[in-house]
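Q: The following block contains the structure, expressed as structure tokens.
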Amino acid sequence: MTDLHKLFDGDKTMRAIRITQEHAVDVIETRVPALGAGEILVKPRACGICGTDLHILRHGFPGTCYPVTPGHEFAGHVVATGAGTKGVREGDFVAVDPNVVCGTCRWCKAGRPNLCIHLTPIGVGRAGAAAEYVAIPEKNAFVVREQIGAGVAALIEPLACAVHAVESAGPLRDRRVLVLGGGTMGMLIALASVRYGANDLTLADPVAAKRSIANSVGIANAVDPATLNGDKFDVVFEAAGAVPALKQALTLVEKTGTLVQVGVHDEDFTIPINPFKVYEQEITIVGSNSLADRFGAAVDLMPDLKDQAEKLIGEPFKIWDFAAAVESMAEGRTIKTQLVFD
Ligand SMILES: NC(=O)c1ccc[n+]([C@@H]2O[C@H](COP(=O)([O-])OP(=O)(O)OC[C@H]3O[C@@H](n4cnc5c(N)ncnc54)[C@H](O)[C@@H]3O)[C@@H](O)[C@H]2O)c1
Ligand SMILES: [Zn+2]
Ligand SMILES: [Zn+2]
């Protein structure tokens with residue numbers, strides 16, 4: 001058979017990015033992963049870096065299995081299929097739902113696989129896509145048209161998180177919607193909100209460059225959050241992951257309104273809330289964690305958002321320049337930093 005099949009013989013090696021418990025990044029030579037039953041081997045073409053990767057790198061992130069090869073927002077080609085696989089074929093171009101779940105626990109059965117008690121995300125709890133090859137369960141692969149572009153396909157994962165957040169907010173039509181934060185999450189939440197019926201949407205970010213990018217993808221009403229005080233909104237997405245944004249969000253929710261908590265704060269961080277106001281004004285606070293079972297919905301939605309999604313992606317970095325790519329994120333000039341593979 002093809003050379004690709006020789007990847008199975010157990011002694012082929014590949015290069016991979018590795019993050020150690022000591023928060024060091026290096027490029028290692030390691031075994032091409034052996035495929036378990038129901039698994040396929042993917043050769044990534046584009047892989048995004050997000051806040052989760054920064055947590056894994058800098059402080060640690062719950063569920064991380066160090067040393068870890070990061071990379072959970074990716075798309076690439078199927079180069080080998082393991083025993084018992086049936087739907088996906090070699091050569092298929094796939095976007096990947098990184099959440100590997102048991103499928104049998106209470107939360108999986110309830111359609112909340114993001115809360116699976118055995119959740120092992122690719123790139124966090126098992127080896128990710130910042131490598132020449134990554135092994136994944138076939139059921140996590142979604143075949144997409146290659147013409148959509150590898151970078152856009154790698155944005156399907158964050159879009160799925162945005163779709164979950166938007167669905168968590170309830171109906172959006174004729175409600176005043178505010179998205180706090182104009183990073184990848186805020187932008188995708190804003191774009192998805194419009195597709196889900198929002199007709200009165202404001203995005204707020206203190207950084208002028210982010211507001212310009214928002215305008216360029218069709219989010220006309222992009223403002224500095226400092227100008228919002230006194231306003232009220234029926235739906236507020238806290239998609240900044242910043243304490244000032246959360247504090248402000250709590251002041252901006254209208255009667256019967258909903259605050260959707262998307263931003264990830266420190267595990268032990270707490271903030272006072274006013275229970276009288278929650279009671280009196282019938283306010284809902286809802287958490288939105290990862291993408292639940294919305295990956296397929298994001299696969300279906302992304303072709304409509306392709307042009308906007310492309311504008312969110314910065315000049316890509318070569319995979320082996322992972323550390324430089326992470327450093328560049330601090331500059332905040334682009335929305336999504338991605339790695340590409342030769
Ligand atoms: N719930 C989920 O499923 C999920 C998925 C991915 C990321 N996240 C989290 O969502 C948050 C945002 O992720 P991201 O990738 O977009 O990050 P990002 O850093 O790219 O974007 C954050 C944005 O918030 C802006 N910001 C800072 N302070 C603000 C304030 N006071 N008001 C409004 N905006 C403010 C920043 O200028 C920046 O543009 C992070 O906390 C991340 O960990 C959650
Ligand atoms: Zn991510
Ligand atoms: Zn489960």
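The values are calculated or read from the model by the stated rules, or taken from the named source; none is laboratory data. Nothing here was measured: the structure is a model prediction, and the numbers come from that model. A quick note on method: Cβ atoms are made from the backbone with ideal geometry, for glycine too, and the neighbour counts reach across all protein chains shown.
Q: Go through A298, A325 for me and flag whichever is in contact with a helix residue (DSSP H, G or I) (Cβ under 8 Å, 6 or more places away or on another chain) and surrounded by 14 or more Cβ atoms within 10 Å (Cβ to Cβ).
A: Working: A325 fails: in contact with a helix residue (DSSP H, G or I) (Cβ under 8 Å, 6 or more places away or on another chain).
Result: A298 is the single residue among A298, A325 that is in contact with a helix residue (DSSP H, G or I) (Cβ under 8 Å, 6 or more places away or on another chain) and surrounded by 14 or more Cβ atoms within 10 Å (Cβ to Cβ).
Q: Next up: Can you give me the ranges of the strands (runs of 3 or more DSSP E) entirely in the stretch 247-342 with at least 3 residues that are hydrophobic (A, V, I, L, M, F, W, C)?
A: Values: elements: 253-261, 284-287, 337-340.
Those strands (runs of 3 or more DSSP E) span 253-261.
Q: What number of residues within the stretch 67-102 satisfy the criterion of being in contact (Cβ under 8 Å) with a residue 24 or more places away in the chain and in a loop (DSSP other than H, G, I, E, B)?
A: So the first thing to find is which residues in the stretch 67-102 are in contact (Cβ under 8 Å) with a residue 24 or more places away in the chain, and the list is 67-88, 90, 92-100.
Narrowing further to those that are in a loop (DSSP other than H, G, I, E, B): 67, 69-72, 82-88, 90, 92, 97-98.
Here the count works out to 16.
Q: Taking the stretch 310-333 as the region of interest, how many residues are in contact with a strand residue (DSSP E or B) (Cβ under 8 Å, 6 or more places away or on another chain) and in contact (Cβ under 8 Å) with a residue 24 or more places away in the chain?
A: So the answer is 12.
Q: All but one of (1) more than 18 Å from A131 (Cβ to Cβ); (2) within 16 Å of ligand 1 (Cβ to nearest atom) hold for R106; state the number of the condition that does not hold.
A: (2)
Q: May I pose another question? Mind listing just one residue for me: the one in the stretch 205-222 that is of a type in the set (G, A, S) and in contact with a strand residue (DSSP E or B) (Cβ under 9 Å, 6 or more places away or on another chain) and, of those, farthest from ligand 1 (Cβ to nearest atom)? Spell out how you get there, then give the answer.
A: Taking the stretch 205-222 and keeping what is of a type in the set (G, A, S), we get 208-209, 212, 214, 216, 218, 220, 222.
Still in the list and also in contact with a strand residue (DSSP E or B) (Cβ under 9 Å, 6 or more places away or on another chain): 212, 214, 220, 222.
Values: S212: 12, A214: 10, A220: 17, A222: 11 Å.
Taking the candidates together, the pick is A220.
Q: Let me ask another. State which residue pairs qualify: first residue assigned by TED's automatic domain parsing to the domain that holds A242 and inside the stretch 181-204, second residue at pLDDT below 95 and of a type outside the set (V, I, T) in any location, beta carbons under 7 Å apart, and separation of 6 or more residues or different chains.
A: T184/C50
Q: Just checking, how many residues over the stretch 165-212 are assigned to a helix (DSSP H, G or I) and buried (at least 24 other Cβ atoms within 10 Å of the Cβ)?
A: To start, the set of residues in the stretch 165-212 that are assigned to a helix (DSSP H, G or I) comprises 165-168, 184-195, 208-212.
Checking which are buried (at least 24 other Cβ atoms within 10 Å of the Cβ) leaves us with 165-166, 184-193.
The qualifying residues number 12.
Quick grid of which residues meet (1) touching a residue at least 60 places away in the same chain (Cβ under 8 Å); (2) under 30 Å from E254 (Cβ atoms); (3) within 19 Å of the chain's Cα centre (by Cα); (4) buried (at least 20 other Cβ atoms within 10 Å of the Cβ):
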{"position": "N274", "(1), (2), (3), (4)": "no, yes, no, no"}
{"position": "A292", "(1), (2), (3), (4)": "yes, yes, yes, yes"}
{"position": "K306", "(1), (2), (3), (4)": "yes, no, yes, no"}
{"position": "K336", "(1), (2), (3), (4)": "yes, no, yes, yes"}
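Q: Looking at the stretch 39-49, can you tell me whether even one residue there is part of a loop (DSSP other than H, G, I, E, B), under 20 Å from M187 (Cβ atoms) and either more than 16 Å from ligand 3 (Cβ to nearest atom) or touching a residue at least 24 places away in the same chain (Cβ under 8 Å) (or both)?
A: no
Q: To continue, here is another question. Please work out which residue is surrounded by the most Cβ atoms within 10 Å (Cβ to Cβ), limiting yourself to the stretch 213-230 and to residues that are more than 17 Å from A192 (Cα to Cα) and free of Cβ contacts under 8 Å to residues at least 24 places away in the same chain.
A: Ranking the qualifying residues of the stretch 213-230, first place goes to V223.
Q: Out of all the residues in the stretch 161-204, which are within 9 Å of ligand 1 (Cβ to nearest atom) and out of contact with any strand residue (DSSP E or B) (no Cβ under 6 Å at 6 or more places or on another chain)?
A: Answer for the stretch 161-204, where residues must be within 9 Å of ligand 1 (Cβ to nearest atom) and out of contact with any strand residue (DSSP E or B) (no Cβ under 6 Å at 6 or more places or on another chain): C161, A162, H164, G181, G183, M185, M187, L188.
Q: I've got another one for you. Does G111 count as at pLDDT below 95 and either of a type in the set (A, V, I, L, M, F, W, C) or more than 16 Å from ligand 2 (Cβ to nearest atom) (or both)? Reasoning before the result, please.
A: Values: at pLDDT below 95: yes; either of a type in the set (A, V, I, L, M, F, W, C) or more than 16 Å from ligand 2 (Cβ to nearest atom) (or both): yes.
Here the answer is yes, as G111 does meet what is asked.
Q: Out of all the residues in the stretch 112-123, which are within 16 Å of ligand 3 (Cβ to nearest atom) and either within 28 Å of F317 (Cβ to Cβ) or of a type in the set (D, E) (or both)? Outline the logic, then answer.
A: Just the residues of the stretch 112-123 that are within 16 Å of ligand 3 (Cβ to nearest atom), to begin with: 112-122.
Selection gives T120, P121, I122.
Q: Now, a different point. Kindly check whether there is at least one residue in the stretch 42-64 that is modelled with pLDDT of 95 or more and more than 27 Å from G314 (Cβ to Cβ).
A: no
Q: Just to check your reading of the model, which residue among K139, K109 is within 16 Å of ligand 3 (Cβ to nearest atom), over 19 Å from P44 (Cβ atoms) and either out of contact with any His (no Cβ under 9 Å at 6 or more places or on another chain) or not assigned by TED's automatic domain parsing to the domain that holds C47 (or both)? Steps first, please.
A: Details: K139 fails: over 19 Å from P44 (Cβ atoms).
Only one candidate passes the filter, namely K109.
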